[in-house]
1. Can you tell me how the range 23-97 classifies by the Cα gyration tensor, rounded, prolate or oblate, using a/c under 1.5 as the rounded cut?
2. Quick one: if the Förster radius is 25 Å, what FRET efficiency do M27 and N57 give, using the C-beta to C-beta distance and rounding to 0.05?
3. Pull up all non-local amide H partners of F39: gap of 5 or more, or a different chain, and H-to-H distance under 5 Å with H placed in the peptide plane.
4. If amide hydrogens are placed 1.01 Å from N in the peptide plane, which non-local residues have theirs closer than 5 Å to the one on G78?
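What follows draws every value from the coordinates through simple rules; no lab data is involved. Every value quoted in this text rests on a predicted model; they were computed, and no experiment measured them. So basically every Cβ, Gly included, is an ideal-geometry build from the backbone, and we count neighbours across all protein chains shown.
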Amino acid sequence: MFDEVKEVVVAQPKEEAPSTVDTQTLMEVVSQYTKLNPFGTAYVVGVCPFHNSRLRNQTFMINLHKKSYHCRECGKHGDISAFQKAEKNNELTNTQKN
């Protein structure tokens, strides 16, 4: 019954080139748009790049452990790919207004 050994073929995952999401951290990308300051051990904070805050409050927070961001004023949140999409959308909107 167990005399025959059958060969099992295991599919190997394709190796893909690292994307910008893999090579850049959220903090590196966001720091191109706004100045970030350390806040405790797990966060950095800054002025939100998505809206004009007259008071220039630091309502934009990045959680370094979760690799996500959140603005307490405008409510935008997400990960690095969401930030890049939102910022691209924001740049397009700003160029159309000028």
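1. Details: a/c = 1.94, a/b = 1.29, b/c = 1.50.
It is oblate, given that a/c is not under 1.5 and a/b is not larger than b/c.
2. On the way: r = 19 Å, r/R0 = 0.78.
So the FRET efficiency works out to roughly 0.80.
3. HN-HN under 5 Å from F39: V44, V45.
4. Excluding prolines and chain starts, which carry no amide H, the hits are Y69.
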